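Report on one structure; see the data block that follows.
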Amino acid sequence: MPALRTALLQSSGSLSDVAANLKALDEAAGRAAATGAGLIVCPELFLTGYAIGDDVAKLAEAADGPSARAIAEIAVGHGLAVVYGYPERDGDAVYNAAQLIGPDGSRLANYRKTHLFGCFEQEAFTPGDQPVVQADLNGLRVGMMICYDVEFPENVRAHALAGTDLLLVPTAQMHPFQFVAESLVPVRAFENQLYVAYVNRTGPEGEFEFVGLSCLAGPDGAARARAGRGTELVVGDVDPEFLAASRANNPYLRDRRPGLYASLV
């Protein structure tokens with residue numbers, strides 16, 4: 001099975017300007033496709049911006065809304081899958097969501113953030129209640145979560161036990177928590193024997209300072225791609241053969257003793 005070249009779009013885009021962010025995604029998708037990428041991953045709330053206050057409710061869209069259709073056209077036009085963060089409206093509820101659109105324009109998966117971080121998110125969003133959301137892409141089992149979710153080890157372990165090969169994590173990770181991008185994410189990849197694509201916003205946004213440092217971490221705990229602190233498109237390969245060999249040699253999941261862990265739940 002060939003490797004899936006994965007592009008990480010580290011960018012904060014334009015606050016409250018959906019049209020500008022769609023244009024930026026189209027341009028980045030073209031550059032990613034030119035490298036041979038079959039997937040591009042955008043940050044948390046890329047469609048609208050993160051620090052947008054009351055505009056969250058105003059700009060929230062249904063999962064099959066006009067922006068989803070526009071992104072489907074981008075995916076088809078460049079022949080690659082797209083993951084993007086956006087505020088999802090479902091009736092009266094608004095979720096911090098991320099959606100995976102396939103290279104044929106089909107909606108493959110939609111995930112709602114389960115662990116909301118800080119007062120802003122807890123006031124603006126309803127928490128999701130489905131911890132493991134997956135889809136099949138290029139022969140890989142792809143899973144999704146958003147930012148803070150990856151900091152809970154139970155979340156990522158649930159994906160490992162469900163067979164996730166590549167965990168996609170749109171992120172809005174801020175100062176002073178850069179150790180998450182630098183250290184925690186590669187450890188999550190190693191201890192769960194999967195790839196993690198962790199894609200962050202960057203620079204100042206309202207009261208927040210996003211730190212960048214997006215990475216594609218492999219099951220050996222090494223970064224296959226790593227961005228700096230600014231707007232950047234970086235590319236790395238998700239190699240199924242390397243993943244299979246790593247899983248064969250790493251005993252973590254085989255040596256678990258679930259009967260000892262009942263107190264965790």
> Taking all protein chains as present, what is the carbon and sulfur share of the accessible area of segment 22-121, in % to the nearest whole number, probe 1.4 Å?
Replying inline: 52
> So, counting K/R as plus one and D/E as minus one, what does the shell of residues with Cβ under 15 Å around THR202 add up to?
Replying inline: -2
> Say we join alpha carbon atoms closer than 10 Å with springs in a Gaussian network model of the chain; which of SER106, SER214, SER11 then has the biggest fluctuation?
Replying inline: SER106
> Can you give the accessible area per residue of the chain, in Å², using a 1.4 Å probe?
Replying inline: 41
> Hey, how many Å between the Cα centroid of segment 167-204 and the Cα centroid of segment 87-122?
Replying inline: 18
>> For a quick check of your reading of the filter: which GluC sites (Glu not before Pro) in segment 180-265 sit in a DSSP loop and have no more than 14 other Cβ atoms within 10 Å?
In response: GLU207
>> What does the net charge come to around GLU44 if you take all other residues with beta carbon closer than 11 Å to its beta carbon, with K and R at +1 and D and E at -1?
In response: 0
> So in the chain, what percent of DSSP beta bridges are antiparallel if you round to the nearest 5?
Replying inline: 70
> What's the longest piece of the chain with no exposed trypsin sites (Lys or Arg not before Pro), counting a site as exposed if DSSP puts it in a loop and it has at most 13 other beta carbons within 10 Å?
Replying inline: 1-253
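Averaged across orientations, what area in nm² does the convex hull of the alpha carbons in the chain project? Intermediate values should be presented prior to the final figure.
Details: hull surface 52.6 nm².
If I average the Cα hull's projected area over directions, I get 13.1 nm².
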>> Below 10 angstrom from the Cβ of VAL235, what's the summed charge of the other residues (Lys, Arg +1; Asp, Glu -1)?
In response: +2
> Where does each of PHE152, PHE208, PHE179 land when they are ordered by accessible area, with a 1.4 Å probe and the largest first?
Replying inline: PHE179, PHE152, PHE208
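The values are calculated or read from the model by the stated rules, or taken from the named source; none is laboratory data. Since we're looking at a predicted model, the values are computed, not measured. When we count neighbours, we look across all protein chains shown, and the Cβ atoms used for this are built from the backbone with ideal geometry, even at glycine. Note: accessible area is taken over every heavy atom of the protein model, side chains too, but ligands, DNA and RNA are not part of it. Shrake-Rupley method; radii C 1.70, N 1.55, O 1.52, S 1.80 Å.
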